[in-house]
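The values are calculated or read from the model by the stated rules, or taken from the named source; none is laboratory data. In this text the structure is predicted, and so the values were computed from the model without any measurement. We place every Cβ from the backbone using ideal geometry, glycine too, and count neighbours over all the protein chains shown. What goes into the accessible areas is simple: the full protein's heavy atoms, side chains included, and nothing from ligands, DNA or RNA. Shrake-Rupley method; radii C 1.70, N 1.55, O 1.52, S 1.80 Å.
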Amino acid sequence: MGGPDYAELCQLYARYAAALDAARWDEWPEFFVEDCLYKLIPRENHERGFPLATLMFESKGMLQDRVYGIRETLFHDPYYQRHVIGAPLIHAATAERITCEANYAVLRTKLSELPTVFSLGRYIDEVVVTDGGLKFASKLVVYDNELIANSIIYPI
Amino acid sequence: MDGAEAVFPDEMTWPAGDVGRVPFLAYTNPEFHKAELERFFYRDHWCYVGLEAEIPEPGDFIRTAVGERSVIVVRDDEGAINVVENVCAHRGVQFCRERHGNRLDQGFTCPYHQWKYTLQGDLRGVPFLRGLKRDGQVQGGMPPDFKTSDHGLNKLKVATRGGVIFASFDPDVESLEDFLGPEMLGYFDRLFDGRMLKILGYNRQRIPGNWKLMQENIKDPYHPGLLHTWFVTFGLWRADNKSELKMDAHHRHAAMISTRGQAAAAAPAEVTQVSSFKASMQLNDARFLDIVPEPWWKGPTAVMMTLFPSVILQQQVNSVSTRHIQPRGHGAFDFVWTHFGFEDDDEAMTQRRLRQANLFGPAGFVSADDGEVIELSQMGFEQKPFHRTVAELGGRDAADSDHMITETLIRGMYGYWRKVMGL
């Protein structure tokens, strides 16, 4: 196989979860290469071949625009997120690129409320080796909970 | 001070003729909710159930809902569209659990006792209809006078127009065209002009608020420039955009029609009235707003239609969708978005529609916050059901308008609501 080792890949997911759960939104785009793809898509659309995504960002700039929206324009009831990401399954790997997937669950806790299961599904990812370490070239978030509990504001 | 009167009033008090101060009880009373289902969703009205493009082939079906009743929309072997209630005629099982599929060969079968139905909803087979022959005797079976023709599925009346499917439980409902009225029909036909539609996909959300709040949201041009600061920040919405508000003769349906002005020109503070407005803000990736005018728009860059009670038809620049309202008790509804394009879209236009879909839906830059405020509205109503709203911007009556600084469409809807509810 060669290329990056498994521990490094696991560390990428762990850092991703830690940044989002700590609401360090500015760090979110930095997990991606400039020319990236991030899609949050219901399992229904994914499996039936419908192209519509709930969110579709095609560059790091779009991710930064989303961060601006979260911070400045999107009114929302604030909440905590807690990501639980399973061990990644590697489908293919070269010295420069890993194709892999990982299950995830996001638990949401609103202020003064009990926690709930907010989103769950799997990441289908393309990870590339860069000078700045491993980054996502593509992240497809395919969620099982097609009926969303009202709205999604923060990144998953 | 509020609260001197009963917090949980037995009856709704609403001065005759008023339509702008809506009692919170209209959103919190389960009995009113049942009456609304009866009178708006199940009688006298057409409800949206889907798009023909969702079931293009004979045998294709989708499971959806009219009000809180599960229905199946299916294209039969002759190409006709049937809508049947998803309840077996035998013992009432909600037999269809798949959300879509094709049943050209099998028809529908209830799993409990294998009652079989055609794609038109007719009963075509009952196991042991004539009993079981054993030792020269017939055991059991249906009574001799049992006729399969008496026990089909509940068939709804169906109307289609421009590729959109409506259904009604009411056999005496007026024609779809009369239901919409000439003014709304014009805007409906503008969007659904006969071109084949191309389904792009679905978004689904459950919003914990009364279903009428979503109708009100799209009858309320007061909020977009104030709640949706993304619209304002990036020049997609200005309160002084050229605009019109129109209703049908009953004031139940409405259209908000607006034409985007010069986006680049920074709006003066008296136009935005938004404290967080940042005139200098630019998108890092301008493709979110890669807007290309289309001939069928015939001018307006946005037409948002509310067809009472069940659907919102969205054209916001290049993003088009239907938004289906499916109540879940008085305090919640499911909101199903079907985004689509047209058969003559090229790849670039499809991509553009998909990209602009980032603005809408459960996570959208200018829609996620609608769900949030609807939830908070319901929370407010539930805690003081004796109180009422004050939707009096632009006056206390309801009439068409040539500007956006008014809540006239909400008042129009409540005038109609009061009449039908007898309240």
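For the structure I just gave you, tell me whether B:I165 is more than 14 Å from chain A (Cβ to nearest Cβ) and under 15 Å from the mean Cα position of the chain (by Cα). Considered against the rule, which asks whether it is more than 14 Å from chain A (Cβ to nearest Cβ) and under 15 Å from the mean Cα position of the chain (by Cα), B:I165 comes out as yes.
If the condition is being in a loop (DSSP other than H, G, I, E, B) and within 24 Å of the chain's Cα centre (by Cα), then segment B:377-422 contributes B:T389, B:A391, B:A398, B:A399, B:D400, B:M404, B:T406, B:E407, B:G422. So, of the residues in segment B:14-32 that are out of contact with any helix residue (DSSP H, G or I) (no Cβ under 9 Å at 6 or more places or on another chain) and in a helix (DSSP H, G or I), which turns out to be most open to solvent (accessible area, probe 1.4 Å)? Going through the qualifying residues, I end up with B:E31.
For segment A:69-91, the criterion of being at pLDDT 95 or above, β-branched (V, I, T), within 21 Å of A:R122 (Cβ to Cβ) and open to solvent by less than 10 Å² (accessible area, probe 1.4 Å) is satisfied by no residue at all.
Tally the residues that are more than 12 Å from every other protein chain (Cβ to nearest Cβ) and not aromatic (F, W, Y), restricting the search to segment B:201-213. Spell out how you get there, then give the answer.
Step one: filter segment B:201-213 for residues more than 12 Å from every other protein chain (Cβ to nearest Cβ), giving B:210-213.
Now restrict to residues that are not aromatic (F, W, Y): B:210, B:212-213.
Looking only at that region, the number is 3.
Close contacts from segment A:34-61, counting a first residue that is within 22 Å of B:T322 (Cβ to Cβ) and a second that is of a type in the set (K, R) and open to solvent by 10 Å² or more (accessible area, probe 1.4 Å), with Cβ to Cβ under 8 Å and a gap of 6+ residues or different chains, come to A:P42/B:R204; A:E44/B:R99; A:A53/A:K39; A:L55/A:K39; A:M56/A:K39; A:M56/B:R355. Where in segment B:201-241 are there helices (runs of 4 or more DSSP H), lying fully within it, with 1 or more residues that are surrounded by fewer than 20 Cβ atoms within 10 Å (Cβ to Cβ)? Of the helices (runs of 4 or more DSSP H) lying wholly inside segment B:201-241, those with at least 1 residues that are surrounded by fewer than 20 Cβ atoms within 10 Å (Cβ to Cβ) span B:224-227.
Is it true that some residue in segment B:397-419 is aliphatic (A, V, I, L, M) and surrounded by fewer than 18 Cβ atoms within 10 Å (Cβ to Cβ)? Please lay out each step first, then the result.
Kept after step one, since they are aliphatic (A, V, I, L, M), are these residues of segment B:397-419: B:398-399, B:404-405, B:409-410, B:413.
Now drop any that are not surrounded by fewer than 18 Cβ atoms within 10 Å (Cβ to Cβ), which leaves B:399, B:405.
So far as segment B:397-419 goes, yes, one or more of its residues are aliphatic (A, V, I, L, M) and surrounded by fewer than 18 Cβ atoms within 10 Å (Cβ to Cβ).
When B:G125 is tested against (1) exposed (fewer than 12 other Cβ atoms within 10 Å of the Cβ); (2) in contact with a strand residue (DSSP E or B) (Cβ under 8 Å, 6 or more places away or on another chain); (3) without any contact (Cβ under 8 Å) to a residue 24 or more places away in the chain; (4) not polar (S, T, N, Q), only condition (1) is not met. Of the strands (runs of 3 or more DSSP E) entirely within segment B:51-108, those holding at least 1 residues that are among the basic types (K, R) occupy B:60-66, B:69-75.
Within segment B:371-396, the set of residues being open to solvent by less than 80 Å² (accessible area, probe 1.4 Å) and within 14 Å of chain A (Cβ to nearest Cβ) comprises B:G371, B:E372, B:V373, B:I374, B:E375, B:L376, B:S377, B:Q378, B:G380. Segment A:47-156 holds strands (runs of 3 or more DSSP E) entirely within its bounds, and those carrying 1 or more residues that are within 14 Å of chain B (Cβ to nearest Cβ) map to A:55-57, A:79-85, A:97-110, A:116-130, A:133-143, A:147-149. You will find that of B:R75, B:R69, the residue that is open to solvent by 10 Å² or more (accessible area, probe 1.4 Å) and more than 28 Å from B:M379 (Cβ to Cβ) is B:R75 and no other.
B:Y222 meets the conditions (1) farther than 17 Å from B:V317 by Cα; (2) at pLDDT 95 or above in every case but one. The failed one is (2). When B:V271 is tested against (1) on the phi < 0 side of the Ramachandran plot; (2) open to solvent by less than 70 Å² (accessible area, probe 1.4 Å); (3) at pLDDT 80 or above, only condition (3) is not met.
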